[in-house]
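S.K.: Please see the structure below; I have some questions.
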Amino acid sequence: MTVDRTVLDNPYLAAPQRQTFIRAMREACEKIAPLWPLDRFVAVNPYYGLAGLPFEEAAGLLARTGRAQMTLPASFYLKALREGVMEEADLEYALDRSGLAGRNVRAFLEQLEDSEGEQEAVALVADAAAQATGTDWCGFMTDRITSWASAYFDQGQSLWQSSPGDQDLFTAWHADALTDRSPVIMGLKHFRRALQSLPRDPEEAALACLAALNLPAEALPLYLHALLLRLGGWAAHTARLDWENRMYGGPTDHLYHFLSVLLCWETCLLRTLPAQSMKASWTAARRKLKELAQAAPIDPVLQKRLVLQQAYDHACQRTLLQKLGKNTKSKTSSPDRPAVQAIFCIDVRSEIFRRNLEQVDPQVETMGFAGFFAFPVRYIPIGRREVRAQCPVLIPAGPAVRESLDDPQAQQRAVKRRSLAYQVQEAWKAFKLGAISCFSFVGPIGLAYLPKLYSDAFGRTRPVEHPDQAGLPRRLRSKPRSVNLEKSIYEGGEPVISMDEQVELARSALQAMSLTDGFARLVLLAGHGSTTVNNPHATGLDCGACGGQTGEANAKVAARVLNHPEVRRRLAEAGLAIPQDTHFLAGLHDTATDELRIFHQDEVPPSHRADLEALKKNLAKAGQAARTERAARLGIEKGANLDAAVVARSKDWSQVRPEWGLAGCHAFVVAPRKRTQGLDLGGRSFLHSYSWRQDEGFRVLELIMTAPMVVTSWINLQYYASTVDNFRFGSGNKTLHNITGGIGVLEGNSGDLRTGLPWQSVHDGEQYQHLPQRLNVIIEAPIEAMNSILAKHESVRQLCDHDWIRLLAMDEQGRVAHRYCGDLCWEALQAMAVR
């Protein structure tokens, strides 16, 4: 490796300075939240790396580093005040919390006229160069990096590889940049010479660049954070690679090396552009950078908007608690043994279906639990080789299971057919996209697509096959498919899930569900997924607890294990007896159509056939009621065939809003179902069944607060960020999306990789469908137990202490009696005043 000694001998790079630079780079990388690819687009808190800061300070930091907004404009909150959504009492509460106690509300409102301006932000070399030359160098840098990164990270979308797959990130970029003539065309004649003068080692190159940029020491963290945010999409993608490698093993320096790439771009720009034009501009930028580093963490204008956001959050919390307060009276006593127990995912969309199912048949008891049902498996569909992790990204996936058909001959045919279909698809893709053959395709062969274009456009067929059916012969699609727990999927003959593992998974799942007695004759495990077409973010509508996949595999595995005689025998020996007449069913709730399929109905004992038929009728009625309820929010006109209209949206390739997903989510209730039963929560609340008196040692509560509570906050904050600043934390206009590399989308044909949700996922064209509300977590459990868990898990405590989550405690009468106020302290709430 050749090292430029004239750069490395710079006094900035004495041992202490080297460590300062390296530490600053590592800390900057830790501030970037990961981004999962489109084939498993799980919700991520975009503020994940800032959870160690209070909400207000994080808002100030993001405003300074990237002009990012963490509130809506003041006009939004003032409108809410005029319409009665907010009250002056909410503003008084917010002023007290912000340290402005005693301020007159009226005087505060009068001062809001100037609260719409943007705070000054860090300027990069590219910004200074743009000011000096009038050319958008930041946009140019972004486009060149995107062009390279789309090819380097490609997951099979492109036909040609731009660089050998065994090259590390920095080496691959360096080789590409040395052959890229775009900078020369743009007037950067000596760009490649400047790049060649830098070390080939990514860390040494970064250190040399930082020395050349001569940044003020106190401003270094701000600058590096701002640099990563400028290409925040690709930074988030590389952060995800590091996240998964930390969990499963592998190199964890992708983001660190990507930061080196950005620093090289900045340095080469500085060295290549005319010194006279750059000197004054970059000197002024460094001076302003130093001032920003020394300035107050929160700008006065921003502070006013944060007070408004605090008041808005409080108003929403007050409304929620008033609604829950109406349900403190005991419900009509439930039967000694329910006819059916239906366990749904905690997803907010399940709340609508559960409520309607209970209204259709009061003999049905519904429960809420994470949609992977505590079975964190890896799943291999028929005829596939890739393994899908079916569990939250916060935890490592467990054993792998393979999908199979009950008929061995049909299984063999399905594997061959799907493998052949894949090979044909790849060959056809190569023909369509070939440099010469593409002209033949567009011309005469393209005409053959007219019938399908017609049938797809009118919803008679699907533009693409359902992923679960793709490649399977039509005669096999209706055949029952199960998960194979007995046969090994690896060479060597080891079992997939040993009997000991099955028993432990079953025990922990039932205890986590608070389902250890009172079993019904039928217990339905209803996973969920969504069927949409022409939707790059389709997996974002599937189950986040299943890693951005449907919950079908998890439900099938859980039902198979819980029905196993040997598993039940061992559970009974351990004191957890499942009645002999209890049968577990696996199902899948389609959240786009509100249809619920039950799998393996042929395995239901004859004695339970009547129960099954009654359940299917009830599910159909509940689905129809749920579709009717959702139709109003979807904007479907009254008088239309609501059922057909809702279902049609899932097959309409022009529909940008096939369903609303989790838009509106703002509450997570962890309590027995009776605390919320009968309440219309509008499909905006996560509901987790939990009985703390059955939780020995509060182990289940610890699991809930460290996993589902964190996941729901990620979902809530992803929607929040995509609402308040869709330009920086969302993915923009869905109609302009272009998939790049098979991993993400660009808005248009250039720019950074887009993160977050499309604008159409949070706004209906006239008003917001997701409102900027931080998550209210309401748990029925002793405060001492919750404090013990918060004290044990620093990352969870930070979410609560720093106001990313609003934690509240429900007492044994079902009244929300205390609110967490930080540092393991709680305040009592007076009746329904809830100030």
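The values are calculated or read from the model by the stated rules, or taken from the named source; none is laboratory data. All of these numbers come straight from a predicted model, not from anything done at the bench. A quick note on method: Cβ atoms are made from the backbone with ideal geometry, for glycine too, and the neighbour counts reach across all protein chains shown. Calculation scope for accessible area: heavy atoms of the full protein, side chains included, ligands and nucleic acids excluded. Shrake-Rupley method; radii C 1.70, N 1.55, O 1.52, S 1.80 Å.
Quick grid of which residues meet (1) of a type in the set (S, T, N, Q); (2) open to solvent by less than 10 Å² (accessible area, probe 1.4 Å):
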{"position": "THR706", "(1), (2)": "yes, no"}
{"position": "ALA721", "(1), (2)": "no, yes"}
{"position": "ARG728", "(1), (2)": "no, no"}
{"position": "ASN738", "(1), (2)": "yes, no"}
{"position": "GLY742", "(1), (2)": "no, no"}
{"position": "ASP752", "(1), (2)": "no, no"}
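S.K.: So which strands (runs of 3 or more DSSP E) are wholly in the range 349-393 and hold at least 2 residues that are open to solvent by less than 20 Å² (accessible area, probe 1.4 Å)?
M.R.: 364-369, 377-380
S.K.: Got a number for residues in the range 11-35 being out of contact with any His (no Cβ under 9 Å at 6 or more places or on another chain) and in a loop (DSSP other than H, G, I, E, B)?
M.R.: So the count comes out to 2.
S.K.: Still on this model: Check the range 326-339 and report whether any residue there is out of contact with any Pro (no Cβ under 6 Å at 6 or more places or on another chain), without any contact (Cβ under 8 Å) to a residue 12 or more places away in the chain, closer than 30 Å to LEU596 by Cβ and of a type in the set (Gly, Ala, Ser).
M.R.: Scanning the range 326-339 turns up at least one residue that is out of contact with any Pro (no Cβ under 6 Å at 6 or more places or on another chain), without any contact (Cβ under 8 Å) to a residue 12 or more places away in the chain, closer than 30 Å to LEU596 by Cβ and of a type in the set (Gly, Ala, Ser).
S.K.: All but one of (1) open to solvent by 10 Å² or more (accessible area, probe 1.4 Å); (2) over 32 Å from the mean Cα position of the chain (by Cα); (3) closer than 22 Å to ALA58 by Cβ; (4) in contact (Cβ under 8 Å) with a residue 24 or more places away in the chain hold for LEU289, so report the exception by its number.
M.R.: The single condition LEU289 does not satisfy is (1).
S.K.: Another question about this same structure. Going by the conditions given, is GLY527 within 25 Å of ARG402 (Cα to Cα) and modelled with pLDDT under 95?
M.R.: no
S.K.: Sticking with this one: Scanning for something open to solvent by 10 Å² or more (accessible area, probe 1.4 Å), hydrophobic (A, V, I, L, M, F, W, C) and within 34 Å of the chain's Cα centre (by Cα), does the range 571-589 turn up at least one residue?
M.R.: Yes, the conditions are met somewhere in the range 571-589.
S.K.: Let me ask something else about it. Looking only at residues that are open to solvent by 10 Å² or more (accessible area, probe 1.4 Å) and of a type in the set (S, T, N, Q) in the range 63-75, which one is modelled with the lowest pLDDT?
M.R.: Of everything passing the filter in the range 63-75, SER75 is modelled with the lowest pLDDT.
S.K.: So ALA828 clears everything in (1) among the aliphatic types (A, V, I, L, M); (2) more than 30 Å from TRP148 (Cβ to Cβ); (3) surrounded by 14 or more Cβ atoms within 10 Å (Cβ to Cβ) except one condition, right? Which one?
M.R.: The number of the failed condition is (3).
S.K.: ALA545 versus (1) at pLDDT below 95; (2) surrounded by fewer than 21 Cβ atoms within 10 Å (Cβ to Cβ); (3) part of a helix (DSSP H, G or I): which is the lone unmet condition?
M.R.: ALA545 satisfies all of (1) at pLDDT below 95; (2) surrounded by fewer than 21 Cβ atoms within 10 Å (Cβ to Cβ); (3) part of a helix (DSSP H, G or I) except (2).
S.K.: Suppose the filter is open to solvent by less than 60 Å² (accessible area, probe 1.4 Å) and modelled with pLDDT of 95 or more; does LEU612 pass it?
M.R.: Taking the combined requirement at face value, the residue satisfies it.
S.K.: Select the helices (runs of 4 or more DSSP H) contained entirely in the range 43-105, then report the ones holding at least 2 residues which are free of Cβ contacts under 8 Å to residues at least 12 places away in the same chain.
M.R.: On the way: elements: 55-66, 74-82, 88-97.
Filter on the range 43-105 gives 74-82.
S.K.: Follow-up question, since we're still on this one. So, GLU659, is that one among the acidic types (Asp, Glu) and touching a strand residue (DSSP E or B) at 6+ places or on another chain (Cβ under 7 Å) or not?
M.R.: No: the conditions fail for GLU659.
S.K.: Can you name the condition, by its number, that PRO536 falls short on among (1) farther than 14 Å from ARG507 by Cα; (2) open to solvent by less than 30 Å² (accessible area, probe 1.4 Å)?
M.R.: Evaluating PRO536 over (1) farther than 14 Å from ARG507 by Cα; (2) open to solvent by less than 30 Å² (accessible area, probe 1.4 Å) leaves (2) as the failure.
S.K.: Do we find that ALA572 is of a type outside the set (S, T, N, Q) and out of contact with any strand residue (DSSP E or B) (no Cβ under 9 Å at 6 or more places or on another chain) in this structure?
M.R.: In short, yes.
S.K.: Hey, another quick one. Could you check SER654 against (1) within 28 Å of GLN359 (Cβ to Cβ); (2) small (Gly, Ala, Ser); (3) at pLDDT below 95 and say which number it fails?
M.R.: (1)
The rows are residues; the columns are (1) open to solvent by less than 70 Å² (accessible area, probe 1.4 Å); (2) over 22 Å from the mean Cα position of the chain (by Cα); (3) modelled with pLDDT of 95 or more.
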site: ARG5; (1), (2), (3): no, yes, no
site: ILE32; (1), (2), (3): yes, no, yes
site: TYR47; (1), (2), (3): yes, no, yes
site: LEU53; (1), (2), (3): yes, no, yes
site: LEU61; (1), (2), (3): yes, yes, yes
site: TYR77; (1), (2), (3): yes, yes, yes
site: LEU109; (1), (2), (3): yes, yes, no
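S.K.: Oh, and also: Which of (1) touching a residue at least 40 places away in the same chain (Cβ under 8 Å); (2) over 23 Å from ALA555 (Cα atoms); (3) open to solvent by 20 Å² or more (accessible area, probe 1.4 Å) is the odd one out, the single condition ASP643 does not satisfy?
M.R.: It fails just one condition, (1).
S.K.: What strands (runs of 3 or more DSSP E) completely inside the range 734-827 contain at least 1 residues that are touching a residue at least 40 places away in the same chain (Cβ under 8 Å) and of a type in the set (Asp, Glu)?
M.R.: It comes to 775-780.
S.K.: Now for a different question. Can you tell me which residue is surrounded by the fewest Cβ atoms within 10 Å (Cβ to Cβ) among those in the range 111-135 that are modelled with pLDDT of 90 or more and not in a helix (DSSP H, G or I)? Give the steps one after another, and end with the answer.
M.R.: Going residue by residue through the range 111-135, those that are modelled with pLDDT of 90 or more are 121-135.
Among the residues that remain, those that are also not in a helix (DSSP H, G or I) are: 121-124, 134-135.
Details: ALA121: 20, VAL122: 23, ALA123: 22, LEU124: 24, GLY134: 9, THR135: 15.
The selected residue is GLY134.
S.K.: Taking only pairs six or more apart or across chains, which ones have beta-carbon atoms under 8 Å, a first residue in the range 196-221 that is at positive phi, and a second residue that is outside any loop (DSSP other than H, G, I, E, B) and not aliphatic (A, V, I, L, M)?
M.R.: As it stands, the answer is ASN214/TYR12; ASN214/ARG286, since those pairs meet every condition given.
S.K.: Identify, by number, the condition in (1) surrounded by 19 or more Cβ atoms within 10 Å (Cβ to Cβ); (2) in contact with a helix residue (DSSP H, G or I) (Cβ under 9 Å, 6 or more places away or on another chain) that SER650 doesn't meet.
M.R.: Condition (2) is where SER650 drops out.
S.K.: Which residue out of ALA226, ALA194 is open to solvent by less than 20 Å² (accessible area, probe 1.4 Å), out of contact with any Cys (no Cβ under 6 Å at 6 or more places or on another chain) and either assigned to a loop (DSSP other than H, G, I, E, B) or at pLDDT 95 or above (or both)?
M.R.: Only one candidate passes the filter, namely ALA226.
S.K.: Consider only pairs whose beta carbons are under 7 Å apart and that are at least six residues apart or on different chains; among these, list those whose first residue lies in the range 551-564 and is open to solvent by less than 10 Å² (accessible area, probe 1.4 Å) and whose second residue is in a helix (DSSP H, G or I).
M.R.: Hits for this filter: ASN554/CYS546; ALA558/ALA509; VAL561/GLN502; VAL561/LEU505; VAL561/ALA506; VAL561/VAL567; LEU562/ALA506.
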